[in-house]
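Let me begin by presenting the structure, written as structure tokens, before commenting on it.
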Amino acid sequence: FFGGEQMEALRYLGTASGRDEDKIAKSGLTLTHIDSVPCFEEASLVLLCRKLYVQTLEPEQFTDRAVADDFHDLYIAEIQKALVR
């Protein structure tokens with residue numbers, strides 16, 4: 001979780017492709033690792049989770065097709081640590 005001062009960097013990370021450039025370096029955020037898990041030093045809250053389930057969202061499963069235009073994966077996870085700055 002981030003404060004408002006990182007909104008531009010987060011917007012950039014959400015729209016740029018990591019295949020085309022090193023978007024983390026270009027974002028201006030500082031990558032670090034906690035228990036071997038990558039996260040950002042600027043985060044005010046970091047949740048370290050254990051992945052329990054993953055499923056690719058399918059367009060035909062949406063009851064409202066108007067919201068079904070950008071498909072991702074659905075994850076269910078167990079929070080193992082919450083780190084607050």
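Some points to look at:
- Note: region 1-43, Cα convex hull, 73 Å³ per residue.
- Applying the criteria of a DSSP loop state and at most 12 other Cβ atoms within 10 Å to the chymotrypsin sites (Phe, Trp or Tyr not before Pro) of region 22-85 yields 71.
- Where GluC sites (Glu not before Pro) fall in DSSP loop in the chain, at most 15 other Cβ within 10 Å: 21, 41
- Trypsin sites (Lys or Arg not before Pro) restricted to region 1-79 and DSSP loop, no more than 11 other C-beta within 10 Å: 19
- Here the contact order of the chain, divided by its residue count and restricted to Cα pairs under 8 Å and six or more residues apart, works out to 27 percent.
- Long-range HN-HN contacts of residue 42 with modeled amide H, under 5 Å: 30
- For the chain, alpha-carbon Rg and Dmax in angstrom: 15.6, 41
Since every read-out is calculated from the coordinates, none of them should be taken as a lab result. This one's a predicted model, so the numbers in the text were calculated from it and none came from an experiment. Heads up, the Cβs are rebuilt from the backbone with ideal geometry, glycines too, and the neighbour counts pull from every protein chain shown.
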